[in-house]
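K.L.:
Can you read through this structure? Questions will come right after.
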Amino acid sequence: MPDSPDPIRSPEMNRELWENVSGDYSRRVLSVFENDKKGKVAKCIKAFAETHPQASAADLGCGIGQFTPTLARSFETVVACDLSAGGVQATRRHCSDFSNVEFLRLDLSEDPMPFAPVDFALCVNVLIMPILDERLRAWRCVTNQVSSGGSLLLVVPSLESIQMDLIQRVDGYIDLGHSCEEALRAGQSSRATASDLQQGIHRLDGLPTKHYFAAELEYLLESHEFDIEEMQKIEYKSSQHVDSWDWLVRAVRR
């Protein structure tokens, strides 16, 4: 019997989930910081800072603060916020040499933002909630925290990538001698509902996670009054050694 879908989580359940993840981050999360071998995120941060020497920045959903020191070195002021207290504490430790960082525990889908919009916002694999209304609230929060003319650097899982992974997985079963029907059945997730698949929800590191088409990102950012200046892949090897990627998007708010 297929596994039942995940229950809708309350904010308290979300906090408990991410507290557990932050306590074992290196094992449970595929780190963009560690897998961005070409340093694309850091290059985008530094390129903006070079032309905006007195700019403000925010690390929206900072996790354990792996990118926050780069922001602290590059910008005059930085706000780092995360849902989990453990993540905020880890970020504080990573930034112990900097006096220009403010640390906040915030739920981007629930809490009012206690700081003004910034010139540059970094948001790495945060807008990935499987629940639509929660995700839409987080989108509004993140985009509203970028000032007019400011930049958003967004990283999200790629739906094209996971679709290619599924295609290659099915082909692999066929190469092993399975029928097409058997290969399709073996290649699909037993826990994915029709609604999940329609929304691009697939499991990542064991958690139901929103993945995005490139055209979907273009549509969403346009609807939030952003113009995309650059979209590129952050490529990495998945646990099955399949070439996979996240989308890295740099967009400017009108």
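Results for (1) loosely packed, with under 14 Cβ neighbours inside 10 Å; (2) touching a residue at least 24 places away in the same chain (Cβ under 8 Å); (3) under 30 Å from Ser147 (Cα atoms); (4) more than 15 Å from the chain's Cα centre (by Cα), shown as yes or no for each residue.
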| site | (1), (2), (3), (4) |
| --- | --- |
| Tyr173 | no, no, no, yes |
| Arg203 | no, no, no, no |
| Pro208 | no, yes, no, no |
| Phe213 | no, yes, yes, no |
| Leu217 | no, yes, yes, no |
| Phe226 | no, yes, yes, yes |
| Asp246 | no, yes, yes, no |
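K.L.:
Now for a separate question. Report, ordered by the first and then the second residue, all pairs with beta carbons closer than 6 Å, sequence separation of six or more or different chains, a first member in region 128-151 that is within 28 Å of Thr193 (Cβ to Cβ), and a second member that is part of a helix (DSSP H, G or I).
P.N.:
Met129/Arg135
K.L.:
Can I ask one more? Criterion first (among the aromatic types (Phe, Trp, Tyr), at pLDDT 95 or above and buried (at least 19 other Cβ atoms within 10 Å of the Cβ)) does Phe98 satisfy it?
P.N.:
Numbers: among the aromatic types (Phe, Trp, Tyr): yes; at pLDDT 95 or above: yes; buried (at least 19 other Cβ atoms within 10 Å of the Cβ): no.
Considered against the rule, which asks whether it is among the aromatic types (Phe, Trp, Tyr), at pLDDT 95 or above and buried (at least 19 other Cβ atoms within 10 Å of the Cβ), Phe98 comes out as no.
K.L.:
Does region 90-97 include one or more residues that are not in a helix (DSSP H, G or I) and not small (Gly, Ala, Ser)?
P.N.:
Of region 90-97, the ones not in a helix (DSSP H, G or I) are 95-97.
Then keep just the ones that are not small (Gly, Ala, Ser); that gives 95, 97.
Yes, some residue in region 90-97 is not in a helix (DSSP H, G or I) and not small (Gly, Ala, Ser).
K.L.:
Hey, another quick one. Collect the residues in region 119-133 that are touching a Lys or Arg at 6+ places or on another chain (Cβ under 7 Å) and not aliphatic (A, V, I, L, M), keeping them in residue-number order.
P.N.:
The answer is Pro130, and nothing else.
K.L.:
Would you mind stating whether Ala183 is without any contact (Cβ under 8 Å) to a residue 12 or more places away in the chain, surrounded by 15 or more Cβ atoms within 10 Å (Cβ to Cβ) and farther than 30 Å from Ala80 by Cα?
P.N.:
Details: without any contact (Cβ under 8 Å) to a residue 12 or more places away in the chain: no; surrounded by 15 or more Cβ atoms within 10 Å (Cβ to Cβ): yes; farther than 30 Å from Ala80 by Cα: yes.
So Ala183 fails the test.
K.L.:
Within region 130-171, restricting attention to residues that are surrounded by 18 or more Cβ atoms within 10 Å (Cβ to Cβ) and touching a helix residue (DSSP H, G or I) at 6+ places or on another chain (Cβ under 6 Å), which residue is farthest from Gly61 (Cα to Cα)?
P.N.:
My answer is Val170.
K.L.:
Same structure, new question: Under the condition of being closer than 23 Å to Val252 by Cβ and of a type in the set (A, V, I, L, M), which residue from region 101-124 is surrounded by the most Cβ atoms within 10 Å (Cβ to Cβ)? Outline the logic, then answer.
P.N.:
Keep residues of region 101-124 that are closer than 23 Å to Val252 by Cβ, which gives 108, 113, 115-124.
Within this subset, residues satisfying the condition of being of a type in the set (A, V, I, L, M) are 108, 113, 116, 118, 121-122, 124.
On the way: Leu108: 23, Met113: 17, Ala116: 10, Val118: 23, Ala121: 25, Leu122: 27, Val124: 24.
It comes out as Leu122.
K.L.:
If you take the residues in region 34-69 that are on the phi > 0 side of the Ramachandran plot and buried (at least 22 other Cβ atoms within 10 Å of the Cβ), which one is farthest from the chain's Cα centre (by Cα)? Please lay out each step first, then the result.
P.N.:
Looking only at region 34-69, we keep the residues that are on the phi > 0 side of the Ramachandran plot, and these are 39, 61, 63, 65.
Subsequent filtering for residues that are buried (at least 22 other Cβ atoms within 10 Å of the Cβ) retains 61, 63, 65.
Details: Gly61: 8, Gly63: 10, Gly65: 14 Å.
Among residues in region 34-69 that are on the phi > 0 side of the Ramachandran plot and buried (at least 22 other Cβ atoms within 10 Å of the Cβ), the one farthest from the chain's Cα centre (by Cα) is Gly65.
K.L.:
For Leu127, work out the one condition from (1) part of a loop (DSSP other than H, G, I, E, B); (2) out of contact with any Phe, Trp or Tyr (no Cβ under 9 Å at 6 or more places or on another chain); (3) surrounded by 15 or more Cβ atoms within 10 Å (Cβ to Cβ) it doesn't fulfil.
P.N.:
Only one criterion is unmet by Leu127, namely (2).
K.L.:
Continuing with the same structure: On the basis of being over 16 Å from the mean Cα position of the chain (by Cα) and of a type in the set (Lys, Arg), does Arg105 make the cut? Lay out the reasoning, then the answer.
P.N.:
Details: over 16 Å from the mean Cα position of the chain (by Cα): yes; of a type in the set (Lys, Arg): yes.
Yes, satisfied.
The values are calculated or read from the model by the stated rules, or taken from the named source; none is laboratory data. All values derive from a computational prediction rather than experimental measurement. When we count neighbours, we look across all protein chains shown, and the Cβ atoms used for this are built from the backbone with ideal geometry, even at glycine.
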